[in-house]
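**Q** Attaching a single structure in structure tokens format; questions to follow.
No lab work stands behind these numbers, since they all come straight from the coordinates. It should be emphasised that the depicted structure is a prediction, and the values quoted were computed from it without experimental measurement. Cβ coordinates were reconstructed from backbone atoms using ideal geometry, including for glycine residues, and neighbour counts include every protein chain displayed.
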Amino acid sequence: MNQKYISALLSILVFITLLSCNSTPKFSDVTGKEWLLVEIKTENQGLSFNRKTLSTEGFGNIFTLNFDGERLSGIGAPNRYTAPYKVDKNLKISVQPIAGTLMAPIREPEKLKEHDYFTYIQNAYKWNLTKANKNDKDSQLELFSKDSKGVEAVLIYKLGATAK
């Protein structure tokens, strides 16, 4: 066989293999799990949340997110919240207005106020799931959103059992 023919054939096989490995995540891999916020990235800054430190400061179970059926829910700081959502093709998500409990916080974490967190959730327009391996360990859920001023942000969540 001609060397050029073999080289072209190998290139095609590599291309097909890469396409089959790079599949679109399934939203069913996101639902039914508790996600904990670990980071917010914006063009101006990044905020990281050390879940162990938050826990020792009395904020152990805040900024959570769960998807179940047609509703998302979670805990802000300190209020519980819920909202209808829809996912569409191309990893699009739309969140309807959030309803929450009306508890007044005794104190809030320094880095992120609950109102700002709810704004990010409600302004989410795209999601992505990255998996390090098949058993969900080190999976990350990314929500692409905007703050109240229109600044782009990515909220990064890890599974409840693996968030640090």
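**Q** Kindly state, to the nearest 0.05, the FRET efficiency for residue 159 paired with residue 44, given R0 = 30 Å and r defined as their beta-carbon distance.
**A** Details: r = 28 Å, r/R0 = 0.93.
Efficiency for this residue pair is about 0.60.
**Q** In what sequence do 116, 88 fall when counting other Cβ within 10 Å, fewest first? Could you put the intermediate results ahead of the total?
**A** Values: 116 15, 88 10.
Going from sparsest to densest Cβ surroundings: 88, 116.
**Q** Which pairs, out of 52/111; 111/149; 26/92; 33/111; 52/92; 52/149, put more than 23 Å between their alpha-carbon atoms?
**A** Details: 52/111 15 Å; 111/149 17 Å; 26/92 12 Å; 33/111 25 Å; 52/92 32 Å; 52/149 31 Å.
In this structure, 33/111; 52/92; 52/149 lie more than 23 Å apart at Cα.
**Q** Jot down the per residue volume, in cubic angstrom and as a whole number, of the convex hull over the alpha-carbon atoms of region 56-140. Walk me through the intermediate numbers first.
**A** Values: hull volume 10.3 nm³, N = 85.
Dividing the Cα hull volume of region 56-140 by its residues yields 121 Å³.
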